Amino acid sequence: MKRSLAFSLFVVLLFSYGCGKTSSKKNTSNTSTTSPVNNVPTTGSPTTGTGSGSASCVNGSPTEEGVVTAGQVQNYYTINNPPVVAHGAGNGVVVWSSETDLPQSYSQNMFSTNAKFNVRVVPRRQFYGTDSRGRSCDYAPLGYTKLEVGVVLRRREDPSGVGQYQRLEADVNCPSKTHEFQVPSNTAFPFVVEIKDVMWDYSCIDYANQGYSQQDLEAIGVFVCPWDRVWVNDCYSLEVQFSTDTTKDLPGPRT
């Protein structure tokens, strides 16, 4: 792109911010976390996005029965009532941990296993209410269509955020591929699952709605496509599904 065009786009962006014509305050890099300024907090009942998933889900249905591998009767575990709800956060910040944020309706013993620990996630949308740590979700839910989620599996003895790490991507209401973690050894405690580094596609969508292509944005140093960090004032919701050696295995393709 010619420098003159890039400069013109830069001027347009600055003018739009100054005059309040853009629909939201932008993330200009993957390390910046800002939120739309025109999403005025409103009242409403806390509701978690639901749905069994579209027939077009590339990795199968999020409600599909698990696969019996060694005579298991119990289906794989699903954390969805309530699900994981979190705000956007900076790089490396753990926003949910099964050690500290697991609702009382679930048992820590679910995370005990000797031979198998397979995980996938199902992005949902969060409508007001609070996140898993009690912080209010004040802003109107934004129209992201997919999330990319960092998942950590660690021993309880290890520091938070340190362990095996895998990124999982999926459309809203559809499951990600399943990642087969190696089961850590030398522990007498249930394992810990943590969520961090969650990205969405909404920043790119928002700019596209204003007429900016990915090429236009990159020409002026704005890198939000295809992924950008979820803005710090906005909430998202995740269903976490996992299988152990005592449950039916997660169905669908692997990472």
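All of the numbers you see were taken from the coordinates with simple rules; none came from a lab. Keep in mind the model is a prediction, meaning the values are calculated, not measured. Methodologically, a virtual Cβ is constructed for each residue, glycine included, from the backbone with ideal geometry; neighbour enumeration extends over all protein chains shown.
Given axes a ≥ b ≥ c from the Cα gyration tensor, I'd like to know whether segment 135-174 is rounded (a/c under 1.5), prolate (a/b larger than b/c) or oblate.
Values: a/c = 4.29, a/b = 1.68, b/c = 2.55.
Taking the square roots of the gyration eigenvalues as a ≥ b ≥ c, segment 135-174 is oblate.
Taking the Cα centre of segment 164-232 as the origin and placing charges on Cβ (Lys, Arg +1; Asp, Glu -1), which of V193, Y212, N173 is farthest toward the positive end of the dipole?
Value computed over the given set: V193.
Tell me which of S107, G134, F117 sits at the most positive position along the dipole axis of segment 101-143, charges placed on C-beta atoms (Lys, Arg +1; Asp, Glu -1).
Of S107, G134, F117, it is F117.
Counting Lys +1, Arg +1, Asp -1, Glu -1, what net charge surrounds E65 among other residues with beta carbon under 12 Å of its beta carbon? If you can, show how the numbers build up before the last one.
Working: positive: K248; negative: E64, D249.
Net charge around E65: -1.
Distance in nm between label sites at N186 and A208, each 7 Å beyond Cα in the beta-carbon direction?
Result: 4.8 nm between the two label points.
Identify the trypsin sites (Lys or Arg not before Pro) of segment 82-133 meeting these criteria: DSSP loop state and at most 16 other C-beta atoms within 10 Å of the C-beta.
When the trypsin sites (Lys or Arg not before Pro) of segment 82-133 are filtered for loop state and at most 16 Cβ neighbours within 10 Å, R133 remain.
Please report the spacing between the Cα centers of segment 83-111 and segment 158-188 in Å, no decimals.
So the separation of the two Cα centres works out to 13 Å.
Could you derive backbone 3J(HN,Hα) for segment 78-92 from the dihedral phi with the Karplus parameters 6.51, -1.76 and 1.60 (θ = phi - 60°), listing whole Hz in sequence and x where the residue is Gly or Pro?
9, 9, 8, 9, x, x, 6, 10, 8, 8, x, 8, x, 4, x
What number comes out for the charge environment of M199, summing +1 per Lys or Arg and -1 per Asp or Glu over other residues with Cβ under 13 Å away? Walk me through the numbers on the way to the answer.
Values: positive: K146, R167, K196, R229; negative: E148, E169, D197, D201, D228, D234.
Taking every Cβ under 13 Å from that of M199, the sum is -2.
Residue by residue through segment 57-67, what is 3J(HN,Hα) from phi via Karplus (6.51 cos²θ - 1.76 cosθ + 1.60, θ = phi - 60°)? Round to whole Hz and write x for glycine and proline.
Running phi through 6.51 cos²θ - 1.76 cosθ + 1.60 with θ = phi - 60° gives 4, 6, 9, x, 7, x, 10, 5, 5, x, 9 Hz.
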